[in-house]
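Here's the structure, in structure tokens; my notes come after.
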Amino acid sequence: MMKKTFTNEWYVYCRRTSVLFMLFLYGCSGTANAQTLVNKEWSIADARPINSDWYSTVIDRDDHLVSVGNTSMANEGANIWVQKTDPEGNVLWQRFYNSSGNQDDFGVGVTIDAQNNIYVCGTTKRNGQFDMVVVKYDVNGNQRWAVQYNSPFNQNDVATALKTDPSGNVYVVGASEGATTMSDFLLLKLNTDGVNLWQKRYDYANLPEIPAGLEWDDAGNLLIVGASGTDFTNWDYAIVRYNTEGILLNAVRNQLPGTGFDQPVAVKKDNQGNIYITGKASSDGTNYDIKTLKLNPSLSVAWVRTFDGSGLEDAANDLQIDDNGNVFVAGYSTKSNGLKEITILKYDTDG
């Protein structure tokens, strides 16, 4: 995967009072006493009315920003919305995906391959339920294919994240309802033409699993990160590893003592192969704190850190890692007057 370095630029996207907060941080090298200058170069919003929120973005190999979300269209309900923007903020093109029957379609994840083809995942409504959907666009925004997936249980299937490998295969993770297992992690592998090669499910104790992210480890295996129920009053951080043939290699769980629905939201890998996860967690099921953990490449826990702002709800929404191994966590904290404020935390490699 080609890596690009940017300096003196900080893009922050906020959606619905920081329910989604996506942080891209560039130029964080230097000593602990150095200061980083932040220059906002441009800010744009899609001009379509009603609903044009973005949900996820990626920067391609030509420094273009590709955004995905949804927007309402006349007589078509919600459509998946894809937009490419150049480094100066000019919109190069927009595309809208509408499934057959004019049902609602929602885009939540986006990635690119080595040829700058764009892959978008989300969900589409069908007969009152939801199926996974994956759409491929070429570099110019031409739709190459669209694939919908309905599990054999014929219940709700919702994609949340996707990755591509060097051969152009696409791996998609989502939440899929089973017959007796509630919601499971579901991992699909599609080839470059959108053909479904295999699908794998992970369930723990017949309780809910909700995936939040997908990441590669240094050996080329896939890591699914999400929330997984231990009982009906507890969710854990769960990390499940598969190889590219769909073989389950191992699974790791991490929780705070007590009762609460721990909810990871983001996962990143550093240049040493360590894995960082952030989200929110609670020991009493009421007041949530920002919880960040570091796993070494074998998935054993190196450290866990929690942040409590004012004794009220705190939650992370994303994280980023610089070349020195510093970890930046973005989220919000609730103040005593009930208002929420943006919170950014920095940890060094030792937490």
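What follows draws every value from the coordinates through simple rules; no lab data is involved. All figures in this text were calculated on a predicted structure; none of them were measured in a lab. Here the Cβ is made from the backbone with ideal geometry for all residues, glycine too, and neighbour counts use every protein chain on show.
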Worksheet item: When you take every Cα atom in the range 133-280, what is the radius of gyration, and what is Dmax, the widest Cα pair distance, in Å?
Response: 15.5, 51
Worksheet item: For residue 191 and residue 92, FRET efficiency with R0 = 25 Å and r from the beta-carbon atoms, rounded to 0.05?
Response: 0.35
Item to complete: Just the number, please: Stokes-Einstein D of the range 158-245 in µm²/s, Kirkwood Rh from C-alpha pairs, 4 °C, 1.567 mPa s.
Response: 98 µm²/s
Practice prompt. Work out the FRET efficiency for residue 231 and residue 61 from their Cβ-Cβ distance, taking R0 = 41 Å, and round it to the nearest 0.05.
Written response: 0.35
Worksheet item: Given the range 266-313, what whole percent of its Cα pairs are spread farther than 18 Å?
Response: 35 percent
Worksheet entry | Inter-label distance for residue 302 and residue 336, nm, one decimal - labels placed 7 Å from Cα along Cα-to-Cβ | 3.8 nm
Item to complete: Could you let me know the centre-to-centre spacing of the range 228-303 and the range 115-138, using Cα atoms, in angstrom?
Response: 26 Å
Discussion item. Using a 7 Å offset from the Cα along the Cα-to-Cβ direction at both residue 167 and residue 143, what is the distance between the two label points in nm, to one decimal?
Written reply: 2.8 nm
Worksheet item: So for the range 251-351, Kirkwood radius off the Cα pairs, Stokes-Einstein at 25 °C and 0.890 mPa s: how many µm² s⁻¹?
Response: 179 µm²/s
Worksheet entry | Whole-number D in µm²/s for the range 224-278 (Stokes-Einstein; Kirkwood sum over Cα pairs; 37 °C, 0.692 mPa s) | 268 µm²/s
Worksheet item: So, counting K/R as plus one and D/E as minus one, what does the shell of residues with Cβ under 12 Å around residue 130 add up to?
Response: -3
Fill in: Distance-filtered residues of the range 298-331 - backbone nitrogen under 20 Å, label point 7 angstrom along residue 349 Cα→Cβ
298-305, 319-329
Practice prompt. Provide the FRET efficiency to the nearest 0.05 for the residue 250-residue 153 pair, computing r from the beta carbons and using R0 = 41 Å.
Written response: 0.95
